[in-house]
Amino acid sequence: MVSANSRWLVSRHLPVTRAQYGRTAGVARRQHTADMDGGKSPTPIEVAQVAGGGRAATRVAFIMLYRRKLVTPDGRGRLTRSGGANRTGGSLERALFNGLLGTVAPAEVLLQPKVRRELTDLRQRLEGDGLLRPWWARIAFPLVLLTLPPYAVARTGLPPLAAIPVVLAGVAAAAFFVPRRRPAGARLLRRLRAEHAALATAEDLDPDEAGLAAALFGRRVMAAVAGPAWLGGGLAGGGRWSREARQNSATYGQWTAEAMGQIDHQNPTSPF
């Protein structure tokens, strides 16, 4: 028989209950959001995801790889590796670097499953931090708020002077849920842009500073900090895909359809 003291000792060291864990996780999540919004600086790639979504995040990651001298533009809208293993960047940078199999367009690398998983994890992490709004909330809440007030007005038979404000209130509430960024995400961007305004015109930036400048101030600063990689490396518009570059280049000679098909079959980055 287990004594009362033994039961007390066991209960002291048992894992927390589900309810206790939920409360603890909620407090930690709110504290982490408050840190990012009020003091703790997020990474440049996280800032880019909040500011412009997955495309902006991948552009910033490629810019940081270029500034680390790990990728080189070929001048025709594609990138290639130019350094050893990437041990300094974040997980998305490493995934993009590992996805550069040969000389390929930046858009081709996004087809790699590892890159797609990293982008999904990044978005879900920022949604959990309260900086981004999930896609389903941007659809479900506006839909309910746009349909429920008119239905309620029609069912109750309110006069027009009372019905119009109710419907307009529903429209205004629906518009609140449409933006991808939550208020905390918008506050974070405003704070960082005010704190790092000098980055928009600064020179000789290190890779992290260049990435943060590109994430905060958009395509104009991206073009400046990316240098030749912006146009020559295909960061501006996704680049020239491998098959397109082969077909339009006279340096490859007269390729037969069988040879081109075999190359496409051996090239894991080609979508064809």
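Residue-by-condition table, conditions (1) more than 27 Å from ARG193 (Cα to Cα); (2) not small (Gly, Ala, Ser):
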site: ALA48; (1), (2): no, no
site: PRO73; (1), (2): yes, yes
site: GLY77; (1), (2): yes, no
site: ARG81; (1), (2): yes, yes
site: THR88; (1), (2): no, yes
site: GLU93; (1), (2): no, yes
site: THR103; (1), (2): yes, yes
site: LEU119; (1), (2): no, yes
site: GLN124; (1), (2): no, yes
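If I filter region 97-113 down to residues being surrounded by 15 or more Cβ atoms within 10 Å (Cβ to Cβ), in contact with a Gly (Cβ under 9 Å, 6 or more places away or on another chain) and not polar (S, T, N, Q), which single residue comes out as nearest to ALA226 (Cα to Cα)?
Applying the filter and picking the extreme gives PRO106.
Got a sec? Which of GLY83, GLY89, GLY77 is among the small types (Gly, Ala, Ser), in a loop (DSSP other than H, G, I, E, B), modelled with pLDDT of 50 or more and closer than 25 Å to ASP129 by Cα?
Just a single option satisfies the conditions, and that option is GLY89.
Look through ALA214, ALA229, ALA210 and report the one residue that is within 15 Å of THR80 (Cα to Cα), open to solvent by less than 20 Å² (accessible area, probe 1.4 Å) and modelled with pLDDT of 90 or more. Show your work before the answer.
Values: ALA214 fails: within 15 Å of THR80 (Cα to Cα); ALA210 fails: within 15 Å of THR80 (Cα to Cα).
Answer to the check: ALA229.
Check VAL153 against each of (1) at pLDDT below 85; (2) under 25 Å from VAL50 (Cα atoms) and name the one condition it does not meet.
(2)
Restricting attention to region 114-142, which residues are more than 23 Å from VAL47 (Cα to Cα) and without any contact (Cβ under 8 Å) to a residue 12 or more places away in the chain?
Filtering region 114-142 down to residues more than 23 Å from VAL47 (Cα to Cα) leaves 139-142.
ILE139, ALA140 - these are the residues of region 114-142 that are more than 23 Å from VAL47 (Cα to Cα) and without any contact (Cβ under 8 Å) to a residue 12 or more places away in the chain.
Residue-by-condition table, conditions (1) aromatic (Phe, Trp, Tyr); (2) open to solvent by 20 Å² or more (accessible area, probe 1.4 Å):
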{"site": "LEU122", "(1), (2)": "no, no"}
{"site": "GLU127", "(1), (2)": "no, yes"}
{"site": "TRP136", "(1), (2)": "yes, yes"}
{"site": "LEU148", "(1), (2)": "no, yes"}
{"site": "GLY157", "(1), (2)": "no, yes"}
{"site": "ALA163", "(1), (2)": "no, no"}
{"site": "VAL166", "(1), (2)": "no, yes"}
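Suppose we filter ARG220, ARG182, ARG190 for residues that are open to solvent by 70 Å² or more (accessible area, probe 1.4 Å), under 22 Å from ALA57 (Cα atoms) and either in contact with a helix residue (DSSP H, G or I) (Cβ under 6 Å, 6 or more places away or on another chain) or at pLDDT below 90 (or both); which single one remains? Give the derivation first.
Working: ARG182 fails: either in contact with a helix residue (DSSP H, G or I) (Cβ under 6 Å, 6 or more places away or on another chain) or at pLDDT below 90 (or both); ARG190 fails: either in contact with a helix residue (DSSP H, G or I) (Cβ under 6 Å, 6 or more places away or on another chain) or at pLDDT below 90 (or both).
When all the criteria are applied, what remains is ARG220.
Within region 79-92, is even one residue in contact with a Phe, Trp or Tyr (Cβ under 6 Å, 6 or more places away or on another chain), crowded, with 21+ Cβ neighbours inside 10 Å and under 16 Å from TRP241 (Cβ atoms)?
There is no residue in region 79-92 that is in contact with a Phe, Trp or Tyr (Cβ under 6 Å, 6 or more places away or on another chain), crowded, with 21+ Cβ neighbours inside 10 Å and under 16 Å from TRP241 (Cβ atoms).
The values are calculated or read from the model by the stated rules, or taken from the named source; none is laboratory data. Just so it is clear, the structure is predicted and the values come from calculations on it, not from any experiment. No Cβ is skipped: glycine too gets one built from the backbone with ideal geometry, and neighbour counts run over all protein chains shown. Note: accessible area is taken over every heavy atom of the protein model, side chains too, but ligands, DNA and RNA are not part of it. Shrake-Rupley method; radii C 1.70, N 1.55, O 1.52, S 1.80 Å.
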